[in-house]
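S.K.: A single structure is presented below for examination.
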Amino acid sequence: MEQFGLIFDVDGVIADTERVNAEASIQVFADLFGVQDVVRADFEAGLGRGAAEYIRSAARVHGLELSDEQVTAATDARQSNFLALLEADALPAFPGVLELLGAAEHAGNLMVGIATSSTREKSEAVLKSAGVPYTEMVYVTGSDVTCKKPHPELFLTAAEKLGLAPARCVVIEDAPNGIESAKAAGCRCIAVTNSAGREKLMDADRIVDSLSELDLQALEDVLDRVGD
């Protein structure tokens, strides 16, 4: 039985973190820069590209030119805000996540990994909150790589740690930058519409509205169909 890999992004895939990310970041713009009218959509260009680019994307929308020092201060404050929000109100896993992980655990030919541009501290908090047994999986974070999405380094590293060719890995993503990263790495990609509409996810090999639509056969079908 040929081995294949399943690689999960975290933010917007495992749990509804994008809402909390935005709330934490909106507070940063108010507290540090005195900008009161930031909204969630202002961060869209930075989705999946790491905390610094997430902050810079909204700054550009509001005509702010932030120094590296300001961005560092903002990302530190954002993470503190995020962790506080998560501690006050835990995030459950999205429907289908734990079921798919459970099925993968019992499959003899499937290896599971986590790959996220988020920091280890922040992503661990999300995984713990969602009840994901991440310590039993390959786990690569933005703290482990030099280049963030849409560069392919994150998913290339995950595939290498799984001991698989990228073409034998299916990545689950929620954002265009993540899809671009997965495809550039040579992986297959399934996109879930948790954070963006279908029209922005068309480069994925398959699009679903919930991970509850997926089973192991669906993952293998993506590999086989694209590989024909």
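S.K.: Of the numbered conditions (1) in contact (Cβ under 8 Å) with a residue 60 or more places away in the chain; (2) buried (at least 16 other Cβ atoms within 10 Å of the Cβ); (3) assigned to a helix (DSSP H, G or I), Ser212 fails exactly one; give the number of that condition.
M.R.: It fails just one condition, (2).
S.K.: Somewhere in region 161-174, is a residue among the small types (Gly, Ala, Ser) and buried (at least 23 other Cβ atoms within 10 Å of the Cβ)?
M.R.: Scanning region 161-174 turns up no residue that is among the small types (Gly, Ala, Ser) and buried (at least 23 other Cβ atoms within 10 Å of the Cβ).
S.K.: Taking the criterion of being over 30 Å from Val112 (Cβ atoms) and either aromatic (Phe, Trp, Tyr) or not assigned by TED's automatic domain parsing to the domain that holds His106 (or both), would at least one residue in region 46-53 satisfy it?
M.R.: No, there is no match, as no residue in region 46-53 is over 30 Å from Val112 (Cβ atoms) and either aromatic (Phe, Trp, Tyr) or not assigned by TED's automatic domain parsing to the domain that holds His106 (or both).
The values are calculated or read from the model by the stated rules, or taken from the named source; none is laboratory data. If you're wondering where the values come from, they're calculated on a predicted model, not measured in any experiment. When we count neighbours, we look across all protein chains shown, and the Cβ atoms used for this are built from the backbone with ideal geometry, even at glycine.
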